[in-house]
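A quick write-up on the structure given underneath.
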Amino acid sequence: MNVQWYDAEAGPLVRPYAMTGGRTKPGPHGVRFDLIALVAVEPGGADAATESLLGPEHRSLLGLCRAETQSVAELAADADLPVGVVRVLLGDLLEAGHVRVSRPVPAAQLPDERILREVIEGLRAL
């Protein structure tokens, strides 16, 4: 019996673990990339010779970041790769000094509950 796992229109199929070398975490330092973290190419980061040594997925991410600063979520969507794979690949690029990552600003602390109640009461009074 001949079992076909995907149809001809799907094109070549590369498993995510093949792109990351079986790794599931970005870099040895365990850096965690938030979906809204912004990624930009480091000025003077990768020259043509160095970039030619990178895998096609790494080069694709660099190309997307070179055009404009993008979030991790945008990179995953534009590269058509799973977010987990993009995080691992970005960890490689960050470790090699090809990109820089701006961490999202921590969420502001919520106002005191008393203030919120006063605002609600004020709105009801209108």
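Give me the pairs, please: first residue somewhere in the stretch 68-82 and touching a residue at least 60 places away in the same chain (Cβ under 8 Å), second residue anywhere and assigned to a helix (DSSP H, G or I), beta-carbon distance under 7 Å, and either six or more positions apart or on two chains.
81/57; 82/16; 82/76
Of all residues in the stretch 62-73 being in a helix (DSSP H, G or I) and in contact with a Leu (Cβ under 8 Å, 6 or more places away or on another chain), which is surrounded by the fewest Cβ atoms within 10 Å (Cβ to Cβ)?
Quick first cut of the stretch 62-73, residues in a helix (DSSP H, G or I) only: 62-67, 72-73.
If we keep only those that are in contact with a Leu (Cβ under 8 Å, 6 or more places away or on another chain) too, we end up with 62, 64-65, 72-73.
Working: 62: 21, 64: 17, 65: 24, 72: 21, 73: 15.
Only one residue tops the list, namely 73.
Being hydrophobic (A, V, I, L, M, F, W, C), assigned to a loop (DSSP other than H, G, I, E, B) and over 10 Å from the mean Cα position of the chain (by Cα) is the filter; apply it to the stretch 31-61 and report the residue that is modelled with the lowest pLDDT. Reasoning before the result, please.
Within the stretch 31-61, the subset hydrophobic (A, V, I, L, M, F, W, C) is 31, 33, 35-41, 46, 48-49, 53-54, 61.
Filter again for assigned to a loop (DSSP other than H, G, I, E, B), leaving 31, 33, 35-37, 46, 53-54.
Now drop any that are not over 10 Å from the mean Cα position of the chain (by Cα), which leaves 31, 46, 53-54.
Values: 31: 69, 46: 63, 53: 82, 54: 83.
The residue in question is 46.
Taking the stretch 75-92 as the region of interest, how many residues are in a helix (DSSP H, G or I) and either of a type in the set (Phe, Trp, Tyr) or out of contact with any helix residue (DSSP H, G or I) (no Cβ under 8 Å at 6 or more places or on another chain) (or both)?
Step one: filter the stretch 75-92 for residues in a helix (DSSP H, G or I), giving 75-79, 83-92.
Add one more test, that the residue is either of a type in the set (Phe, Trp, Tyr) or out of contact with any helix residue (DSSP H, G or I) (no Cβ under 8 Å at 6 or more places or on another chain) (or both), and what stays is 77, 91.
The total comes to 2.
The values are calculated or read from the model by the stated rules, or taken from the named source; none is laboratory data. Fair warning: this is a prediction, and the values are worked out from it, not measured in the lab. Neighbour counts are summed over all protein chains in view; Cβ atoms, including those assigned to glycine, are modelled from backbone coordinates with ideal geometry.
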